[in-house]
Each structure stands twice: as structure tokens, then as C-alpha cells.
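Trainee: Input: one structure, supplied below.
The values are calculated or read from the model by the stated rules, or taken from the named source; none is laboratory data. None of the values given here were measured: they were computed from a predicted structure. Cβ sites come from the backbone with ideal geometry, for glycine too, and all protein chains shown count toward neighbours.
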Amino acid sequence: MSNVTRSTAAMRAVAVLGAVVATLVVWTVETQLLGIDLRASPVPGVAPVVVGPPAVVSFTLVAGLVAWALLAVLERATPRARGVWLTVAVVALLISLAGPLGGAVTATAAVGLACMHLAAAAVLIPLLARSAAPR
């Protein structure tokens, strides 16, 4: 593995782990300091569940790894990987906001959950885009 590849992998790992930390910080502030009850119904008609640290970590980790994998595939498939990936990332963020906005039990839970999505995106999108191979 070359130094460039190691450096890229390290930057992408930092992006994914940074997103996990960011969402956990937001979760902690919302639940522990602000007292927001973060409950959401994952599927309409299903009883709401409390969104806790295991869910925050696992969903953020999966989203980050999928974003990383998509960027890696695009780098092999097109010389315009960064631009394509950025477009897909922003669209994915906008679509992901439908979950908390439509499934949260309360308006404050919806805002709180949406803030976690935005926190993850605020870390993942710029750091992974910066790690993309130049054209």
C-alpha cells in the first residue's frame, strides 16, 4: 500500500470516526443537557423506539462506510468522482432528513434527529470530498 493510499484511507477513517463522534456529541447535548426525548417510529404503524447511543453509532458508522465505499467505486469508474460523489452525498442527506422529519414522535425529536443527520454530513461530506483523488 503506497503512502498516498494509506494517507487517503487514514483521512477517510478519520472522517467516518469524526462523524460518529459528532453525532454522539449532538445526541448527548440533546438528551442529557436539553432533555429531548428522541423517539421515532422506524416504520409507520410500529411503536416508537428510543434513539440511543447504539443506534446513533451504528447508523452513523454504516452511513460513513457506505459513503466511503461509493467514493472509492466512483474513483475507479469516472474521472469526475468528486463532483458526482458530492452530488450524491447532498441528495442522500436531503433524502435522509425525511426519516426524522416524518418518523419522530415530537417536533423537538424531529429537530434533534435532523441535527444528528446534519452533524454527520457536516463532517463526512467535506472530509471525504477532500480525500477524493484529483482529476
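Trainee: Pairs only if they're at least six apart or on different chains, beta carbon under 6 angstrom, first in the range 91-119 and among the hydrophobic types (A, V, I, L, M, F, W, C) and crowded, with 16+ Cβ neighbours inside 10 Å, second assigned to a helix (DSSP H, G or I) and modelled with pLDDT under 95; list them, first residue then second.
Mentor: Partner pairs satisfying both residue conditions: A110/P100; A110/L101; L113/P100; A114/P100.
Trainee: Would you call V49 at pLDDT below 95 and surrounded by 12 or more Cβ atoms within 10 Å (Cβ to Cβ)? Steps first, answer last, please.
Mentor: On the way: at pLDDT below 95: yes; surrounded by 12 or more Cβ atoms within 10 Å (Cβ to Cβ): yes.
Criteria met by V49.
Trainee: Let me ask something additional. Looking only at the range 62-83, which residues are part of a helix (DSSP H, G or I) and either surrounded by fewer than 16 Cβ atoms within 10 Å (Cβ to Cβ) or among the polar types (S, T, N, Q) (or both)?
Mentor: To start, the set of residues in the range 62-83 that are part of a helix (DSSP H, G or I) comprises 62-77, 81-83.
Within the range 62-83, V62, L65, V66, A69, V73, R76, A77, G83 meet the criteria.
Trainee: Next up: Looking at L24, L17, L38, can you tell me which residue is touching an Asp or Glu at 6+ places or on another chain (Cβ under 9 Å), among the hydrophobic types (A, V, I, L, M, F, W, C) and surrounded by 14 or more Cβ atoms within 10 Å (Cβ to Cβ)? Let's see the steps before the verdict.
Mentor: Numbers: L24 fails: touching an Asp or Glu at 6+ places or on another chain (Cβ under 9 Å); L17 fails: touching an Asp or Glu at 6+ places or on another chain (Cβ under 9 Å).
Matching residue, one of L24, L17, L38: L38.
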